[in-house]
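Beneath this line is the structure, given in structure tokens, with notes to follow.
Please treat every number below as a calculation from the coordinates, not as lab data. Note that the coordinates shown come from a computational prediction; the quantities given were computed from them, not determined experimentally. Here the Cβ positions follow ideal geometry from the backbone for every residue, glycine too, while neighbour counts run over all protein chains shown.
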Number of protein chains: 2
Amino acid sequence: MKAISPRFAFFLMRFTRWVKKIPLARRLASTIIIEALARTTKPRPRAFSMACDYTTWQGLTNRRYTGRHLPPAIGPDAPARPPEEQVLELFRRVGEGKRDPDTSVLFVFFAQWFTDSFLRTDWFDKRKNTSNHEIDFCQIYGLSEEKAKLLRKGKNAESKGGLLASQIINDEEFPPFLFTRLDDGSITVAPEFVGLHSPEILNVVFGDVSDEAKLNVFAAGLEHGNNVIGNVLYNTLFLREHNRIAKLLAAEYPAWDDDRLFETARNIMVVLLLKLVIEEYIVHIGPYDAALDVVPFIAEGKSWNKSNWISIEFALLYRWHQLVPNQIIANGKTLEPREFRNNNKLVISEGVGPLIDLLSRAPSGKVALHNTPTFLVDSIEKRTIALMRSANLASYNDYREAFSLPRKSSFEELTSDKAVQAELKSLYGTIDKLEWYVGIFAEDYPDFLMMGPLLSIMVSYDAFTQAFTNPLLARNVYNEETFSKVGMKVFEETKSLSDIVARNAGENIRANFSLPKD
Amino acid sequence: MKAISPRFAFFLMRFTRWVKKIPLARRLASTIIIEALARTTKPRPRAFSMACDYTTWQGLTNRRYTGRHLPPAIGPDAPARPPEEQVLELFRRVGEGKRDPDTSVLFVFFAQWFTDSFLRTDWFDKRKNTSNHEIDFCQIYGLSEEKAKLLRKGKNAESKGGLLASQIINDEEFPPFLFTRLDDGSITVAPEFVGLHSPEILNVVFGDVSDEAKLNVFAAGLEHGNNVIGNVLYNTLFLREHNRIAKLLAAEYPAWDDDRLFETARNIMVVLLLKLVIEEYIVHIGPYDAALDVVPFIAEGKSWNKSNWISIEFALLYRWHQLVPNQIIANGKTLEPREFRNNNKLVISEGVGPLIDLLSRAPSGKVALHNTPTFLVDSIEKRTIALMRSANLASYNDYREAFSLPRKSSFEELTSDKAVQAELKSLYGTIDKLEWYVGIFAEDYPDFLMMGPLLSIMVSYDAFTQAFTNPLLARNVYNEETFSKVGMKVFEETKSLSDIVARNAGENIRANFSLPKD
């Protein structure tokens, strides 16, 4: 099954820093590391899903049902299931909480913006999802071809040029507004965006939002595209980049129609995102800021090169609520939660560039138990624990085994924090009865990781086997015909998020997932 | 790309007859042959689909758009496109037409029944399909979980036991009737089957059917489940086998509920079908009736182990209308087309077993130009040619090259039939301008094949990369946990279609794809 152990892969990553500048060595190191981590557990198809506790045709083929790595644990080997309220208390942050020494809030918002695009638990049936299971930039293009049409520059526009619809506010380009005020004063979805989100979803997401706030909501591909300033920032930034690229294409290929310009720009954009995710975002998560390349075709002929299918474990383990600080503090400013949530006015008044600069300097929380901010504990964390419970997951140690790690033999081996040891002992008795969702956040980890080894490996496995199986990276697809010469040049010119920010939000603005060292 | 040439695979198949009885040698030979044929062209994902003439995200990910092996040919290298009426005349059968020396009509009906389950061009948008892209037995289970529920034994039944709904007529088990007569005398879909087919589809399929005939229509998974006696025979036979297996499971596992019995029976049924398709049906198509096994896990780690996606070429090349005889003649009976189409009464009165016996002895037509029966030429063949044209396919020679065969240099090399040579020359000029859909049926082929080499190879490629990537054959799924002990025993006990017929339609009835030798 596994080529080399995941821990050896981590060990190897330590040395890649020295070969970062040598393209061939960097490529080779990336290939070994990706392959090792993509083989830490069994390849898809998985025998089980949330459809059913045994193997069924629907469970094997209908990706609306969320997948699962391990079968449900319902027998005597199942972990203990202490009351949910007591488990919740393991997550509640104490006081100011712990800070991650190296991570900016810009990273935290990227993680949320990025993963919310494919970790999409169905609002109305928790066994299901509404995910496309791909990194497809649905944040700005919507979940389907029909929805993409609504978000593109309108049919009546004089020159569409493959552009996304946008508006100018304070000399800056933003998405258009989702809602409009009718003559009778009531607020409703603007006619051009009817069908973008279902009435049920609109009700869930915007039911409590004031009329005034609604008028500042931007049209976005996803329903929660406005719920934190991070989502608005990234959606706006990448909308600008899409339109920039579409204009480059239009200048180079005057014969292309609106559709071809749009579709080719989208192809380019998806690969740009894959590059940012692998080469900057995953590198930040991984040990030693190791070198990682988007290696085209790396999945060809590999046992793990199977269509992606989001697992319930991936959907749960990515809820890094602990990274969210109590307040965003940088550049002499302090943003309270109510200011960084549902607050498009702030983005409009501050401007995209200055806000990216601020978030790049604001410290985030640290992945650990007892570190989820209070305003998330009693809402999102509580729902997460309920979802986790309904999935009847196997134990922490069973997942360690399934992901090629040795089982832990005691709580002392799990964490050096004596208070946590005592808490877990009282809740679970023995380490073999520990719940996975608690264990992954309780694990000690060395300085060079930003979360425990099991969590790191499970993230890598699901991320790599999703990202590198993207159809645009396949041998038959990744070529100049798909992206055009213009696209290939954009890939060369884009090494980091800062490059995209510089082009679209201020030449001197740097976007950083790591805090400034000074 | 390719391990060994497809022609060498065919050559090898000649010798497998001698090792058929030696399980290990048979398994090895199967593995080599399958692997060779699954590598004759580039693996999925394909860069192009019917969505668009260039590469788009929808075209790469939305399987509602039918795939395509080669990009559209619209430049100077495109094949000639003589008027469709003239191309149609190349297909019209002359007189009694040619007979295949070895093939029974039972085979022909199997081919139709089997392939209509996944070659499902959208009735209303020819670029699209309504296929599940899998061998999933949707003929008896319907196209979705919701539709399967309609076809299962009803909610109010006392003991459901995982059974499909059925009725007894003349002491034989048949599916229930789809339509019912209301008190006012009008005919309508029975309440329990509302939602099985959309009103638009019902209108297309049953718009012209008389009220009396409607009352004999059986509920089936697919809309065309009643349009030839073959579909009705196979649906009825396999419904009986499903119910037989469900009862075996119920006896062995009394604690299982209706759902678990149904789902496990379905898992078993799908693998039974895969076995019949590979080990009997494909073997009949292939050279020398070579040995071929359903080798579990054969796709693991192979470059071609990608989710299936029906291509337009597969949907077109499988229209073996030439196999249909003008009349079905055997056992001293003659069935005219109007008798073997839309005639459930015949199936009910003759009985499933006797009809299978008759069809096993009735000779089929032969795959060749000028051999499509007249009653299909002006309807289905005409629509096929129009569909083929709308797809802007590459030339015959380009497809030969794409599927690892040498290009042909002249019409003389294509066929020894001088009249056909002359016709093709006058329509196409040179062999490089020959259309693919004409070329595949014009190719000469040796006695040991039942169609031309390019057609044989393209069928094998699409069939193998579809069948062997079935999720039930994957390493993590193909095990006793998925099928139960009962299921594993059923696999052992089922070597051929005749075994299933013997269990469900008469102990002494043999089902044969080959005509009796005497």
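Worth a mention:
- Per residue, the average separation of C-alpha pairs within less than 8 Å and at least 6 apart gives chain A a relative contact order of 25 percent.
- The label-point distance for residue B:130 and residue A:168, in a model that sets each label 7 Å from Cα toward Cβ, rounds to 4.9 nm.
- Mean separation of Cα contacts under 8 Å (6+ apart) over length of the stretch B:232-375, as relative contact order %: 24 percent
- Proportion of all alpha-carbon pairs of the stretch B:206-331 beyond 27 Å (%): 42 percent
- Inter-copy label distances at residue A:185 (7 Å, Cα→Cβ; nm, one decimal): 6.2
- Dipole of chain B, positive end: most advanced residue of B:356, B:487, B:377 [Cβ charges, Cα centre]: B:487
- Only Lys, Arg, Asp and Glu carry charge here, each on its Cβ (+1 for the first two, -1 for the last two); on that basis the protein assembly as shown has a dipole of about 2240 debye about its Cα centre.
- Taking every residue in B:300-307 and counting other chain Cβ atoms within 10 Å of its Cβ, the average works out to 5.
- The amide H of residue B:293, built 1.01 Å from its N in the peptide plane, has B:30 as neighbours under 5 Å, considering only residues 5 or more places off or on other chains.
- Taken about its Cα centre, the stretch A:145-253 carries a charge dipole of roughly 440 debye when the Cβ of each Lys and Arg holds +1 and the Cβ of each Asp and Glu holds -1.
- Amide H contacts of residue B:178 (H built 1.01 Å from N, under 5 Å, at least 5 apart or other chain): B:217, B:218, B:219
- Inter-chain Cβ neighbour average for residues A:43-50, partner chain, 10 Å: 5
- Two-site FRET efficiency, residue A:331 against residue B:64, from Cβ-Cβ distance with R₀ of 41 Å, rounded to 0.05: 0.25
- Descending semi-axes in whole angstrom, ellipsoid equivalent of the protein assembly as shown, from the Cα gyration tensor: 53, 34, 29
- Put simply, the Cα atoms of the stretch B:316-421 extend 53, 30, 27 Å along their principal axes, the longest span coming first.
- Per-residue ellipticity at 222 nm from helix content only, as computed over chain A with -39500 (n - 2.57) for each DSSP H run of at least four residues, stands at -12000 deg cm²/dmol.
- Selection from A:347, A:254, B:103 lying farthest towards where the dipole of the protein assembly as shown points positive, charges on Cβ: B:103
- In sequence order, calculated HN-Hα J values of the stretch A:137-146 (Karplus, 6.51, -1.76, 1.60; Hz; x Gly/Pro): 6, 5, 4, 10, 10, x, 8, 7, 4, 5
- Summary for residue B:58: label point 7 Å along Cα→Cβ; distances to the equivalent points in the other copies, ascending, 2.9 nm.
- Most tightly packed first, judged by the mean number of other beta-carbon atoms within 10 Å of their residues, the peptides A:217-223, A:10-16, A:353-359 read A:217-223, A:353-359, A:10-16.
- Cross-link reach list, lysines versus residue B:98, counting only Cα pairs under 16 Å and skipping chain neighbours closer than eight places: B:366
- The calculated FRET efficiency for residue B:517 paired with residue B:432, based on their beta-carbon distance and R0 = 45 Å, is about 0.60.
- Residues whose amide H falls under 5 Å from that of residue B:103, counting only those 5 or more places apart or on a different chain, are B:364, B:515, with hydrogens built in the peptide plane.
- Considering the rotation that superimposes chain A on chain B, the residue of A whose beta-carbon lies nearest the axis, and that distance in Å, is A:307, 2.
- Folded to 0 to 90 degrees: helix B:229-252 orientation relative to chain B principal axis, Cα: 50 degrees
- Counting, for every residue in A:55-66, the Cβ atoms of other protein chains within 10 Å of its Cβ and taking the mean gives 6.
- Cα-only radius of gyration and Dmax that characterise chain B, units Å: 22.7, 71
- Cα gyration tensor category, rounded, prolate or oblate, for the stretch B:136-278 with a/c compared to 1.5: prolate
- For residue A:275, the lysines whose Cα falls under 21 Å of its own Cα, not counting residues fewer than eight places away in the same chain, are A:20, A:21, A:302, A:306, A:485, A:489, A:495.
- In Hz, Karplus ³J(HN,Hα) per residue of the stretch B:452-469 (6.51, -1.76, 1.60; θ = phi - 60°; x = Gly, Pro): x, x, 5, 4, 4, 6, 5, 4, 4, 4, 5, 5, 5, 6, 8, 5, 7, 9
- Across the stretch B:81-93, coupling constants 3J(HN,Hα) worked out from phi with the 6.51/-1.76/1.60 Karplus curve, θ = phi - 60°, read 10, x, x, 4, 4, 6, 5, 4, 5, 5, 9, 4, 5 Hz, and Gly and Pro carry x.
- FRET efficiency for residue A:425 and residue B:190, using Cβ-Cβ distance with R0 set to 51 Å, rounded to 0.05: 0.25
- Degrees between helix A:6-16 axis and first principal axis of chain A (Cα, 0 to 90, nearest 10): 50 degrees
- One way to sum up the overall shape of the stretch B:1-122 is the equivalent ellipsoid from its Cα gyration tensor, whose semi-axes run 32, 26, 17 Å, largest first.
- Charge dipole (Cα centre; +1 on Lys/Arg Cβ, -1 on Asp/Glu Cβ; no other charges) of the stretch A:270-359 amounts to roughly 340 debye.
- Rounded if a/c under 1.5, otherwise prolate or oblate - the stretch B:422-518, Cα gyration tensor axes: oblate
- C-alpha center-to-center spacing [the stretch B:1-42, the stretch A:60-111] in angstrom: 49 Å
- Between copies, the label points at residue B:301 (set 7 angstrom from Cα along Cα-to-Cβ) are spaced 1.2 nm, reported in nanometres from shortest to longest.
- Contact order, relative form, for the stretch B:31-102: 20 percent (alpha carbon pairs under 8 Å, 6 or more residues apart, mean separation divided by residue count).
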